[in-house]
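J.: A single structure is presented below for examination.
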Amino acid sequence: MIFICFYKIGDNRLIEELLYIMAGIYVHIPFCKQKCTYCDFASYPSEIGKAEGYFACLIKELGSRARELKDKTFNTVYFGGGTPSFVDAKLIGAIMNQIRKNFVIADGAEITIEINPGTLTPEKLAVYDAVGINRYSLGLQSADDSRLESLNRIHTSKDFEYCCKLLKGRNFSADVMIGLKDQQKDEVKRTIDLAVRGGASHISVYALTPEEGTPMFTTYLNGELPSEDETAELYDYACGLLKEYGFYRYEVSNFAKPGYESRHNLNYWRRGEYIGLGVAASSCIDDRRFTNTSSIDEYVHCLLHDKYAEISSEQIEGDDRKAEFIMLALRTTEGIRLERYTRLFGTDFLKEYKNELDDQREYLDITPDRVRIKDEYLYVQNHIILPFLR
């Protein structure tokens with residue numbers, strides 16, 4: 001297998017090419033201690049008793065998928081949830097060992113696990129280190145303990161500080177949430193300050209999206225959340241603060257110190273391939289997009305009967321491939337690299353989308369080698385991208 005990767009650390013062009021794009025593995029751990037008020041993910045606090053059976057089926061699924069994907073090399077692994085750090089660390093270690101045994105994992109692969117700061121212990125960390133996990137994603141959300149309690153988070157700001165001490169010298173990211181009820185700039189600043197002071201090399205700033213069926217959705221219906229303009233102002237403030245601290249924005253919600261971008265997420269945004277394992281996990285392999293059931297019982301039943309637990313499958317072709325590529329690329333500060341677009345689709349983007357480019361020109365930075373959304377418009381990128389999605 002030939003692989004060439006030109007990756008200039010710290011350059012927000014983030015050049016990755018030419019002959020083969022490596023792929024990612026996502027593992028969904030659906031267990032957590034309690035449900036956050038905003039959470040719409042497949043996470044089940046009351047079903048931790050099913051963990052061992054679930055992990056046994058995970059091993060079975062990954063073995064089968066690996067046999068189908070033996071010719072692919074993977075350079076990222078990501079444990080998400082739920083709360084992966086909530087379960088026995090030995091279960092995570094067993095999955096990671098099986099991944100290494102069954103899949104072709106590149107040297108220096110980025111291996112990430114999501115951590116709730118209220119669940120990490122030195123003993124768990126020792127297991128993670130032993131199986132090669134080298135990146136940690138901490139769900140900080142806010143530095144305000146009363147806010148964390150209202151979100152039904154199980155950790156406090158002190159727990160986060162303790163987590164940072166345990167992770168000293170390691171690569172870790174922190175999540176920050178904006179757009180919360182009565183949230184002001186001082187809370188955003190205290191949260192970002194806490195993350196930076198703790199040693200985070202990557203910070204994600206997510207605007208709350210209330211999902212129907214969550215407790216937070218009721219707050220939204222009652223008109224108790226900030227307006228879009230108010231949330232945008234908080235976002236702009238966070239962007240400026242992070243820039244002062246030496247973080248650069250490389251995707252609408254993601255900021256990193258040079259060299260600490262999330263390679264796993266970059267693979268998504270570049271429309272690379274990925275295989276998802278476990279309940280509710282999505283995959284995109286050879287332009288086929290498929291998703292597993294979100295039911296633990298159904299997932300286990302299928303695997304025990306030697307079947308995959310897929311509930312949807314779609315072959316992405318033609319203009320749909322282009323639309324996905326454009327939508328994902330324009331979310332990043334790298335934008336659409338024109339030479340890559342031509343190589344992938346055999347057409348000239350500037351000519352093919354001349355009318356759309358003319359209509360949206362005030363929002364775009366157009367150069368001979370790429371098209372990107374101007375920094376000041378990146379947060380409102382949806383209405384800019386829409387005309388390109390024919």
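Bear in mind that the values in this text are calculations on the coordinates, not laboratory data. Here the structure is a predicted model, which means the values were calculated and not measured. Here the Cβ positions follow ideal geometry from the backbone for every residue, glycine too, while neighbour counts run over all protein chains shown.
J.: Using label points projected 7 Å from each Cα along Cα→Cβ, tell me how many nm separate residue 40 and residue 315, to one decimal.
T.: Result for the modelled spin labels: 3.1 nm.
J.: If the limit is 24 Å between Cα atoms, which of 101/168; 189/257; 158/185 go over it?
T.: 101/168
J.: Out of all DSSP beta bridges with both ends in the chain, state the antiparallel percent to the nearest 5.
T.: 40 percent
J.: So how do 164-175, 226-237, 77-88 stack up, highest first, on mean other-Cβ count within 10 Å?
T.: 77-88, 164-175, 226-237
J.: In whole angstrom, how far apart do the alpha carbon centroids of segment 40-66 and segment 218-256 sit?
T.: 34 Å
J.: Further, regarding this structure: Percent of Cα-Cα pairs more than 24 Å apart in segment 123-257, please.
T.: I get 32 percent for the Cα pairs in segment 123-257 exceeding 24 Å.
J.: Kindly provide the pair-distance distribution of segment 299-390 built from C-alpha pairs, with 5 Å bins from 0 and whole-percent values in order of increasing distance.
T.: Answer for segment 299-390: a P(r) of 2, 12, 22, 21, 12, 6, 5, 6, 6, 4, 2, 0 percent.
J.: At a Cα cut-off below 13 Å, give the aspartates and glutamates reachable from residue 33, other chains included and same-chain residues fewer than 8 away excluded.
T.: Result set, ordered by chain and number: 47, 88.
J.: Something else now. Between their Cα atoms, which of 72/307; 35/90; 50/72 are more than 25 Å away from each other?
T.: Those over the limit are 50/72.
J.: If you don't mind, another one. For residue 354, list the lysines whose Cα falls under 17 Å from its own Cα; do not include residues on the same chain fewer than 8 positions away.
T.: Reachable lysines: 322.
J.: Quantify how much of the Cα-Cα distance distribution of the chain extends past 41 Å, in percent.
T.: Summing the P(r) of the chain above 41 Å gives 11 percent of all pairs.
J.: Given bins 5 angstrom wide, list per bin the percent of all Cα-Cα distances in segment 37-167, short to long.
T.: Binned Cα distances yield the sequence 2, 9, 18, 20, 19, 15, 9, 5, 2, 0, 0.
J.: Using Cα pairs under 8 angstrom and six or more residues apart, how large is the relative contact order of the chain, in percent?
T.: Taking the mean separation of contacting Cα pairs over the length of the chain, I get 15 percent.
J.: Suppose a student asked you for the relative contact order of segment 256-390, using Cα pairs under 8 Å spaced at least 6 residues apart; what percent would you report?
T.: 18 percent
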